[in-house]
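Readers should treat all values here as calculations from the given coordinates under stated rules, not as data from a laboratory. Quick caveat, the model's predicted, so the values are computed rather than measured. All Cβ positions, even for glycine, are placed from backbone atoms using ideal geometry, and neighbour counts span all protein chains on display.
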Amino acid sequence: MTVLTKRKSRLVFTTEDCVREHGRLREVVIEAHPYHAEIRLKGMRSSYMISWSGMYNVAVKNAVEKARQEKKAAKKSR
């Protein structure tokens with residue numbers, strides 16, 4: 001596997017996840033760069049940048065929130 005900084009070609013992939021935008025379901029497209037990712041919807045021009053560390057922080061925040069919700073549900077069912 002090649003490190004992103006040494007790649008000569010672009011790394012772009014389309015996910016199976018879809019988002020409804022402008023009345024259509026559109027697939028999420030991710031373009032990987034060495035220090036960030038650009039995320040856009042297929043067929044749309046606007047894209048959004050997020051750093052890899054920012055993506056990690058969002059994933060951790062979601063995992064912590066999910067654990068809290070599960071703990072709260074378990075406590076409530078007792």
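Using only DSSP helix segments of four residues or longer, with each worth -39500 (n - 2.57), what per-residue ellipticity at 222 nm results for the chain after dividing by its residue count and rounding to 500?
On the way: 1 runs with 26 residues, N = 78.
Result for the chain, helices only: -12000 deg cm²/dmol.
Let's test the formula: R0 of 25 Å, r as the Cβ-Cβ distance of Arg7 and Ala59. What FRET efficiency results, to the nearest 0.05?
Values: r = 23 Å, r/R0 = 0.94.
Efficiency for this residue pair is about 0.60.
Give me Rg over Rh for the stretch 7-77, both radii from the alpha carbons and Rh done the Kirkwood way, two decimal places.
Values: Rg = 16.4 Å, Rh = 14.5 Å.
My calculation of the ratio gives 1.13.
If I stretch the segment between Arg26 and Trp52 completely, what's the gain in nm (0.36 nm per residue apart, minus their alpha carbon distance), one decimal? Write out the running numbers ahead of the final one.
Details: separation 26, 0.36 × 26 = 9.36 nm, distance 2.32 nm.
The span from Arg26 to Trp52 would gain 7.0 nm if fully extended.
Using alpha-carbon pairs under 8 Å, 6+ residues apart, how would you state the relative contact order of the stretch 7-77 in percent?
Numbers: 77 pairs, mean separation 12.5, N = 71.
Relative contact order comes out at 18 percent.
Treat each spin label as a single point 7 Å out from the Cα along the C-beta direction, and report the Met44 to Glu16 distance in nm.
2.2
Amide H neighbours of Arg26 under 5 Å, counting only residues 5+ apart in sequence or on other chains, H built in-plane at 1.01 Å?
Amide H neighbours of Arg26: Val19, Arg20, Glu21.
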